[in-house]
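Notes to accompany the following structure.
The values are calculated or read from the model by the stated rules, or taken from the named source; none is laboratory data. A quick note: this is a predicted structure, and the numbers were derived from the prediction, not measured. Here the Cβ positions follow ideal geometry from the backbone for every residue, glycine too, while neighbour counts run over all protein chains shown. Ligands, DNA and RNA are stripped out before the accessible areas are found, and what is left, the full protein with its side chains, is counted by its heavy atoms. Shrake-Rupley method; radii C 1.70, N 1.55, O 1.52, S 1.80 Å.
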Amino acid sequence: MSVSVEPTSVDTPAGERGESRPGEALRPHAEHAFAAELAALAAQDDRPRPERWLLSPWAVATYLLGGTLPDGTVITPKYVGPRRIVEVAVTTLATDRALLLLGVPGTAKTWVSEHLAAAVSGDSTLLVQGTAGTPEEAIRYGWNYAQLLAHGPSRDALVPSPVMRAMAEGMTARVEELTRVPADVQDSLITILSEKTLPIPELGQEVQAVRGFNLIATANDRDRGVNDLSSALRRRFNTVVLPLPASAEDEVDIVARRVDQIGRSLDLPAVPDGIDEIRRVVTVFRELRDGITSDGRTKLKSPSGTLSTAEAISVVTNGLALAAHFGDGVLRAGDVAAGILGAVVRDPAADRVIWQEYLEAVVRERDGWKDFYRACREVSA
């Protein structure tokens, strides 16, 4: 026997419940932050849409990659990278195969996952955050123990997981950092992904996925060996590898866009005023990450940290906050120096030596970087 899972309905206004409205949220969900773009795409999207999709696959890809619609509406890019990667990811979601976004830290796996769910289902919040302590209930279902003890197993006592809700409503569920989830909990997805069914043996019932359901998982391939996916589970996914930005200019563009978005929500200065410092942060991160200077002349030792694009965004955002609250509002070398030091020097012994060598051999000799060198030396002392 199948059982339906009713979506939660709450009639009390958000303000009276103590919840934030989308416009007041520090970080609005993608479907709220880009609601105007999604609406414009939906209005002009005349291509076939899979069951329960808000947009066609073409429109979903346009939403992620950006473009200009026939009426002149500009869709901002959410992901800067190869178009084919996005097309493969979107096409996977239009089939009965789940999608695994794989990559090193900072390759926008979570960001792409959120925007895919927002564009496909209009709801990116059906999320399971993977950690070493994630229980099986987070993926399958749990119980209201007061109801369970008072009346025994019943539909009213069952607490659906985000995955169960997505199955019942034909939505897109998300599982972040799947390789951090214990192996036995990971494998609870096998039946869901292969049979599209979630058994509830306590009730003698099951939840069958309706058309439109799919699942996006993300995994960090630097976590290999922590909780590797079983071959049985991996076969249930189509894997798309998200690469690091191909060029320095691509990475500068990504950092500038994200910092601008974050900065607007925090009333920080505009990014264009600090584009030169963003370019320097990206250059430092790329050179140390690649183990060679951008001109290819000097080999470098790489520190233990990942020095990802996400960390560059964090460094620049923190620098903008320093400039706004303790400076003149213009991002300068001194505002990003401490953040770079914290990102590079994770191992106080080995990484500090690598950083000092890079400062003296590369930064000190680079034209136009004297202010950056002095700022970095000051915070490194």
May I ask you to list the residues in the stretch 51-65 that are touching a Ser or Thr at 6+ places or on another chain (Cβ under 8 Å) and either closer than 28 Å to Asp260 by Cα or open to solvent by less than 90 Å² (accessible area, probe 1.4 Å) (or both)? Trp53, Leu54, Pro57
Considering only residues that are open to solvent by 30 Å² or more (accessible area, probe 1.4 Å) and aliphatic (A, V, I, L, M), look in the stretch 66-84 and name the one that is farthest from Asp250 (Cα to Cα). Val74
Name the residues in the stretch 333-375 that are farther than 21 Å from Val255 by Cβ, open to solvent by less than 60 Å² (accessible area, probe 1.4 Å) and among the small types (Gly, Ala, Ser), would you? Ala350
For the stretch 101-125, which residues satisfy the criterion of being over 16 Å from Pro50 (Cα atoms), buried (at least 22 other Cβ atoms within 10 Å of the Cβ) and among the aliphatic types (A, V, I, L, M)? Leu101, Ala108, Val112
Give the residue that is farthest from Gly327 (Cα to Cα), with candidates limited to residues of the stretch 255-278 that are β-branched (Val, Ile, Thr) and in contact with a helix residue (DSSP H, G or I) (Cβ under 6 Å, 6 or more places away or on another chain). Val255
Just to be sure, is Glu378 surrounded by 14 or more Cβ atoms within 10 Å (Cβ to Cβ), at pLDDT 90 or above, out of contact with any strand residue (DSSP E or B) (no Cβ under 7 Å at 6 or more places or on another chain) and charged (D, E, K, R)? no
State yes or no: is Gly152 free of Cβ contacts under 8 Å to residues at least 24 places away in the same chain, closer than 20 Å to Asp228 by Cβ and out of contact with any Ser or Thr (no Cβ under 9 Å at 6 or more places or on another chain)? no
Check Pro243, Pro201 and return the single one that is in contact with a helix residue (DSSP H, G or I) (Cβ under 9 Å, 6 or more places away or on another chain) and open to solvent by 30 Å² or more (accessible area, probe 1.4 Å). Pro243
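Here is a yes/no grid of residues against (1) part of a loop (DSSP other than H, G, I, E, B); (2) loosely packed, with under 14 Cβ neighbours inside 10 Å; (3) in contact (Cβ under 8 Å) with a residue 40 or more places away in the chain; (4) of a type outside the set (Asp, Glu):
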{"residue": "Leu233", "(1), (2), (3), (4)": "no, no, yes, yes"}
{"residue": "Glu251", "(1), (2), (3), (4)": "no, no, yes, no"}
{"residue": "Val255", "(1), (2), (3), (4)": "no, no, yes, yes"}
{"residue": "Asp260", "(1), (2), (3), (4)": "no, no, no, no"}
{"residue": "Leu268", "(1), (2), (3), (4)": "yes, no, yes, yes"}
{"residue": "Val282", "(1), (2), (3), (4)": "no, no, no, yes"}
{"residue": "Leu288", "(1), (2), (3), (4)": "no, no, yes, yes"}
{"residue": "Ser304", "(1), (2), (3), (4)": "yes, yes, yes, yes"}
{"residue": "Val315", "(1), (2), (3), (4)": "no, no, no, yes"}
Please identify the pairs in which a residue from the stretch 210-221 that is in contact (Cβ under 8 Å) with a residue 24 or more places away in the chain and acidic (Asp, Glu) has its Cβ atom under 9 Å from the Cβ atom of a residue that is part of a loop (DSSP other than H, G, I, E, B) and surrounded by fewer than 20 Cβ atoms within 10 Å (Cβ to Cβ), counting only partners at least 6 apart or on another chain. Asp221/Val104
From Ala98, Ala138, Ala157, grab the single residue that is in contact with a strand residue (DSSP E or B) (Cβ under 7 Å, 6 or more places away or on another chain), surrounded by 19 or more Cβ atoms within 10 Å (Cβ to Cβ) and farther than 24 Å from Pro182 by Cα. Ala157
Test for Gly296: is it touching a Leu at 6+ places or on another chain (Cβ under 6 Å), surrounded by fewer than 16 Cβ atoms within 10 Å (Cβ to Cβ) and more than 30 Å from Asp267 (Cα to Cα): no
